[in-house]
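The values are calculated or read from the model by the stated rules, or taken from the named source; none is laboratory data. Only a predicted model underlies this, so the values are computations on that prediction, with no experimental measurement involved. FYI the Cβ positions are ideal-geometry reconstructions off the backbone, even for glycines, and counts take in every protein chain you see.
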Amino acid sequence: MSRPENITDEEWQVRCDLAACYRLFVKFGWTDLIFTHLSARVPGTTDQYLINPYGLLFDEITASNLIKVDFDGNVVQGDYPYNQAGHAIHTAILGARPDVNVALHSHTRAGAAVSAMGEGLLPLSQHAMEILGLTCYHPYAYAPDSAEECRRLACDLGDKWLMIMHNHGLLAAGRTVAEAFYYLYILEAACKIQVDVLSASTEPIIPDQDAIESLTKYTVVPDEGPHDYVNVTWDAMIRSLERSGVQWM
């Protein structure tokens, strides 16, 4: 499929990055059939976003077939419907946080497992300690497309960048696709490690508070944009897709 008409260079780059992120979900085993959704704000707008066509598998997503939707639920560009729950979740996040341009939502096994743990995310790994200060929680509700649920979702996110949705899954926010992907990767790794550690028969080691705080201070989200290591990591992820022959344009 060719590049759609009337797409700016800035939007095309965001489309390419978002489509690559869908393919990375496949690569890392983060998919859930046709469910879950990743979105990015359309550059130059406040009330339009890009999201996957509902019904396509993530390995079918390309920069060209992403659909453009406005916050009122109108498909501005594209030939597919969207997931109603996805529309509600992503407009709630993007609408409440002008500084956020990307939201990624997953239902992975490890993420869902930790979301059901009363202790929440524990400082059992460097991965976890890196993002403890960036993570919040959201109680489970069955009706994600209700106005009240959307209000609670935005309120619970506050100024955080990661959310553990109880009995549901994970959500990552970012100013760029690279930033949101990086934070979700770290949270997913922390969840996998926590499940492994808590399934063992030995008492886990919890670092002292000074050690935890020394790392969380180092990894605080900078105001000026993503950490350099976030962008370097993203470049490496793009190269990995290119080497595997994946076509996502």
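Quick notes on this structure:
- Pairs where the first residue, in region 107-128, is farther than 26 Å from L38 by Cβ and the second is among the hydrophobic types (A, V, I, L, M, F, W, C) and outside any helix (DSSP H, G or I), C-beta under 7 Å, 6+ apart: P123/I206
- Summed over region 53-96, the residues that are part of a loop (DSSP other than H, G, I, E, B) and either surrounded by 15 or more Cβ atoms within 10 Å (Cβ to Cβ) or not acidic (D, E) (or both) give a count of 19.
- Of everything in region 7-41 that is in a loop (DSSP other than H, G, I, E, B) and either in contact with a Gly (Cβ under 7 Å, 6 or more places away or on another chain) or of a type in the set (S, T, N, Q) (or both), the residue that is nearest to H90 (Cα to Cα) is H37.
- Some residue of region 229-248 being acidic (D, E), more than 19 Å from A128 (Cα to Cα) and at pLDDT 95 or above: yes
- Test: residue in region 193-201 that is of a type in the set (S, T, N, Q), at pLDDT 95 or above and either closer than 19 Å to I89 by Cβ or touching a Lys or Arg at 6+ places or on another chain (Cβ under 9 Å) (or both): no
- Tally of residues being of a type in the set (S, T, N, Q) and either exposed (fewer than 11 other Cβ atoms within 10 Å of the Cβ) or in contact with a strand residue (DSSP E or B) (Cβ under 6 Å, 6 or more places away or on another chain) (or both) across region 213-246: 1
- Restricting attention to region 197-249, the residues being closer than 25 Å to E179 by Cα and part of a helix (DSSP H, G or I) number 24.
- Among the candidates T31, T91, the residue that is among the hydroxyl-bearing types (S, T, Y) and either more than 21 Å from L170 (Cα to Cα) or touching a Leu at 6+ places or on another chain (Cβ under 9 Å) (or both) is uniquely T31.
- Restricted to region 115-156, and to residues there that are acidic (D, E) and within 25 Å of A211 (Cα to Cα), the residue that is nearest to the chain's Cα centre (by Cα) is E130.
- The residues of region 42-52 that are in a strand (DSSP E or B) and surrounded by fewer than 22 Cβ atoms within 10 Å (Cβ to Cβ) amount to a single one, Q48.
Each row is one residue, and each column tells you yes or no for (1) crowded, with 19+ Cβ neighbours inside 10 Å; (2) at pLDDT 95 or above; (3) part of a strand (DSSP E or B); (4) on the phi < 0 side of the Ramachandran plot.
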position: H105; (1), (2), (3), (4): yes, yes, yes, yes
position: A110; (1), (2), (3), (4): yes, yes, no, yes
position: G118; (1), (2), (3), (4): no, yes, no, yes
position: Y137; (1), (2), (3), (4): no, yes, yes, yes
position: N167; (1), (2), (3), (4): no, yes, no, no
position: L170; (1), (2), (3), (4): yes, yes, yes, yes
